[in-house]
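This report concerns only the one structure given below.
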Amino acid sequence: MSRDERVFLPIWWHYYSRFFNPEDIYILDHETSDGSTSGPGFVRIPVSHPVVDWGWHRDMLQSHQHRLLESYDAVLCTDVDEIVAPDPRTGDLGEYIDRFQGDFVNCRGYEILHRQESEPPFDSKLRILDQRFHWYFNPAYSKPLLARVPMLWHGGLHARVDGLTREDPSLYLIHLHRMDYDICLSRHCQRTSQPWNQHDLDRGWGYQNRIIEPAHFHRWFYQDSSGGVPINLERIPEYWRGLI
């Protein structure tokens, strides 16, 4: 699902269009107004909802995943800032899906982090992994996104409702939310400006998307993983260069 994602949607599409034909790429367009969903290369499905609501977001993705499985052997469902990729030494995503035989699989979640003191602002003309050199493991993003069966997810698709996991340490989910400090802050401001469902506010769901006060945002960006684990930076191995 995408809403006014002029930065992330092109990155998302350029990656996944290497492996899927335009008629097999589906974008749920949530009232986009910036023109980012107006181009060719995918099937656009308009959706509408008056407030930010992570339960509705889950329900919409889940229902479309069920519907697509009536026509496809497997469906990969991601957010616009998520790149699912196997370890490059084992092949690419297309090859992974071709040999995938399980009911579902959990990715291994890693978040790219922009280190402002040593890395310039994001340049859309360059590959991300030629500009960003560190990530950290975040199990909150070890999501079960590739499946051959209908899935019942918790909000954000972070886990199955029944708690089952089937991990493959060679399949990664690369989360781009923090790939650029200023872009991330701007995105938070955009989301904060929208009305939110009171149910989500009461439970703190998606709280990180509402952090915009400068000192709080800086502390969150570099110290709060939003997944309950410390941010332990690792150098991204060289064999990932060129992927995105």
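The values are calculated or read from the model by the stated rules, or taken from the named source; none is laboratory data. A quick note: this is a predicted structure, and the numbers were derived from the prediction, not measured. Note that each Cβ is placed from the backbone with ideal geometry, even for glycine, and that neighbours are counted across all protein chains shown.
Can you tell which of 51, 80 is of a type in the set (A, V, I, L, M, F, W, C) and over 30 Å from residue 148 (Cβ atoms)?
Just a single option satisfies the conditions, and that option is 51.
For residue 177, indicate whether it is surrounded by fewer than 19 Cβ atoms within 10 Å (Cβ to Cβ), closer than 21 Å to residue 30 by Cβ and under 15 Å from the mean Cα position of the chain (by Cα).
Judged against the criteria, residue 177 is not a match.
Quick one: which strands (runs of 3 or more DSSP E) lie wholly within region 121-209 and hold at least 3 residues that are touching a Phe, Trp or Tyr at 6+ places or on another chain (Cβ under 6 Å)?
Hits in region 121-209: 167-175.
On the basis of being out of contact with any Gly (no Cβ under 7 Å at 6 or more places or on another chain) and in a loop (DSSP other than H, G, I, E, B), does residue 96 make the cut?
In short, no.
Hey, can you tell me all the residues within region 20-43 that are surrounded by fewer than 17 Cβ atoms within 10 Å (Cβ to Cβ), charged (D, E, K, R) and under 20 Å from residue 75 (Cβ atoms)?
23, 24
Has region 147-166 got any residue that is at pLDDT 95 or above, surrounded by fewer than 22 Cβ atoms within 10 Å (Cβ to Cβ) and touching a Ser or Thr at 6+ places or on another chain (Cβ under 6 Å)?
Checked against the condition, which is being at pLDDT 95 or above, surrounded by fewer than 22 Cβ atoms within 10 Å (Cβ to Cβ) and touching a Ser or Thr at 6+ places or on another chain (Cβ under 6 Å), region 147-166 yields no hits at all.
Report the residue count in region 118-137 for those that are surrounded by fewer than 11 Cβ atoms within 10 Å (Cβ to Cβ) and within 16 Å of residue 231 (Cα to Cα).
Within region 118-137, residues that are surrounded by fewer than 11 Cβ atoms within 10 Å (Cβ to Cβ) and within 16 Å of residue 231 (Cα to Cα) number 0.
Would you pick out the residues in region 51-91 that are within 18 Å of residue 167 (Cα to Cα) and either out of contact with any helix residue (DSSP H, G or I) (no Cβ under 9 Å at 6 or more places or on another chain) or in a strand (DSSP E or B) (or both)?
If the condition is that a residue be within 18 Å of residue 167 (Cα to Cα) and either out of contact with any helix residue (DSSP H, G or I) (no Cβ under 9 Å at 6 or more places or on another chain) or in a strand (DSSP E or B) (or both), then 75, 76, 82, 83, 84, 85, 86 are the ones that fit.
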